[in-house]
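> Before we start, here is the structure in question, set down as structure tokens.
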Amino acid sequence: MDSAFTILPMSQSFELEAGKSYTGSISVSNPEDAKSDFYYKVTVSPYSVVGEDYAADLTSMQNYSLITDWIKIDNPTGVLKPNDSVDVNFTITVPEDAPSGGQYAALAVSSDGDSAVQDGAVQNVLSMVSVIFGSVAGETTESGEILNNSVPAISFNNPPAVSVTVNNTGNVHEPAIVTLKVKDVFSGRVIFPHEDEMGNFQENVMPGTTRRVTREIKDLNDLGLYEVTQSVYYLGNISTVTKTMLVCPLWFMVLVSATVFAVIGVIVGKIVKNIKRRRMAQNF
């Protein structure tokens, strides 16, 4: 396929109660410039994460992914012509003995059938997921802390990156809200957020995990001095860091260091010469 399909939303949340049913849907679209029909297939996978950078795991079944077996898809397969879309409906039936706390699954949409074959050859199967964040009412524990709020004082890379690290020791996902403001020290111009943008973003932190959220600061000069303020709001706690950050290429720092050492060498050399001259004068 020349153009990838799209799905919306990429994630959605459900407040669940044991013994009740809930309905939802995702929209699957075949783009206008597609040159063939799109045969789609929707399946349900468990959803968990691996490591602090949150690599998705769509295979491991855990206590927090029992919801995988509670979801039934009404129309799991179909075909879309170019510029067509369809709502894929699903039902979540929560059992009476469902454990309280977080439950997570992914609706995986992939190319299927004729759309995966062109000119008699099998093409790469395209796949996208929409994550289901569920929370079953009952005895939930909301606990965790902010572990790190990092803004570098100097960055040899452009764009530079800032990060926050939080952990969740509870049994349900929690939102971490991060705000960022960047200002040019010399001009006072606010570089981020832009006038038409929000300066904050939100990321869910899964239960029993530690998450590092990294963000690049774009639209900076290769050489500049910036005031960077980053705040993170998590479980009623706030951490704010403000630093003056130097952005410069590595070659520039090497050049400055070489110049400084050269100047120091010249000064030391003159001092040594003066000492020798004084000693010679004293000997005469």
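> Picking from Val182, Val172, Val205, Val166, which residue would you name as being over 19 Å from Thr244 (Cβ atoms), in contact with a Phe, Trp or Tyr (Cβ under 6 Å, 6 or more places away or on another chain) and crowded, with 17+ Cβ neighbours inside 10 Å?
Numbers: Val182 fails: over 19 Å from Thr244 (Cβ atoms); Val172 fails: in contact with a Phe, Trp or Tyr (Cβ under 6 Å, 6 or more places away or on another chain); Val205 fails: in contact with a Phe, Trp or Tyr (Cβ under 6 Å, 6 or more places away or on another chain).
After applying the criteria, what remains is Val166.
> Does Glu52 qualify as being touching a residue at least 60 places away in the same chain (Cβ under 8 Å), acidic (Asp, Glu) and part of a loop (DSSP other than H, G, I, E, B)?
Details: touching a residue at least 60 places away in the same chain (Cβ under 8 Å): yes; acidic (Asp, Glu): yes; part of a loop (DSSP other than H, G, I, E, B): yes.
Considered against the rule, which asks whether it is touching a residue at least 60 places away in the same chain (Cβ under 8 Å), acidic (Asp, Glu) and part of a loop (DSSP other than H, G, I, E, B), Glu52 comes out as yes.
> All but one of (1) surrounded by fewer than 17 Cβ atoms within 10 Å (Cβ to Cβ); (2) at pLDDT 95 or above hold for Trp70, so report the exception by its number.
Trp70 satisfies all of (1) surrounded by fewer than 17 Cβ atoms within 10 Å (Cβ to Cβ); (2) at pLDDT 95 or above except (1).
> Might you check whether a residue that is crowded, with 16+ Cβ neighbours inside 10 Å and acidic (Asp, Glu) occurs anywhere in the range 56-67?
Within the range 56-67, one or more residues are crowded, with 16+ Cβ neighbours inside 10 Å and acidic (Asp, Glu).
> Now a separate question. Could you grab me the full set of residues in the range 25-52 that are over 25 Å from the mean Cα position of the chain (by Cα) and either polar (S, T, N, Q) or surrounded by 14 or more Cβ atoms within 10 Å (Cβ to Cβ) (or both)?
From the range 25-52, those over 25 Å from the mean Cα position of the chain (by Cα) are 30-41; that's our starting set.
Those that are over 25 Å from the mean Cα position of the chain (by Cα) and either polar (S, T, N, Q) or surrounded by 14 or more Cβ atoms within 10 Å (Cβ to Cβ) (or both): Asn30, Pro31, Ala34, Ser36, Asp37, Phe38, Tyr39, Tyr40, Lys41.
> Is it the case that some residue within the range 219-231 is more than 22 Å from Ser13 (Cα to Cα), modelled with pLDDT of 95 or more and among the acidic types (Asp, Glu)?
Filtering the range 219-231 for residues more than 22 Å from Ser13 (Cα to Cα) gives 219-231.
Filter once more, keeping what is modelled with pLDDT of 95 or more: 225-231.
Going one step further and asking which of them are among the acidic types (Asp, Glu), we end up with 227.
Yes, the range 219-231 contains a residue that is more than 22 Å from Ser13 (Cα to Cα), modelled with pLDDT of 95 or more and among the acidic types (Asp, Glu).
> Being closer than 21 Å to Gln62 by Cβ and assigned to a loop (DSSP other than H, G, I, E, B) is the filter here; which residues of the range 145-176 pass it?
Of everything in the range 145-176, those that are closer than 21 Å to Gln62 by Cβ and assigned to a loop (DSSP other than H, G, I, E, B) turn out to be Thr169, Gly170, Asn171, Val172, His173.
> Okay, moving on. Cβ-Cβ below 6 Å, separation at least six or inter-chain, first residue in the range 220-242 and at negative phi and assigned by TED's automatic domain parsing to the domain that holds His194, second at pLDDT 95 or above and not in a strand (DSSP E or B): which pairs?
Final answer for the pair search is Leu225/Val185; Glu227/Val185; Val228/Val151; Gln230/Val151; Val241/Val151.
The values are calculated or read from the model by the stated rules, or taken from the named source; none is laboratory data. In this text, all values refer to a predicted model and were calculated from it rather than measured experimentally. So basically every Cβ, Gly included, is an ideal-geometry build from the backbone, and we count neighbours across all protein chains shown.
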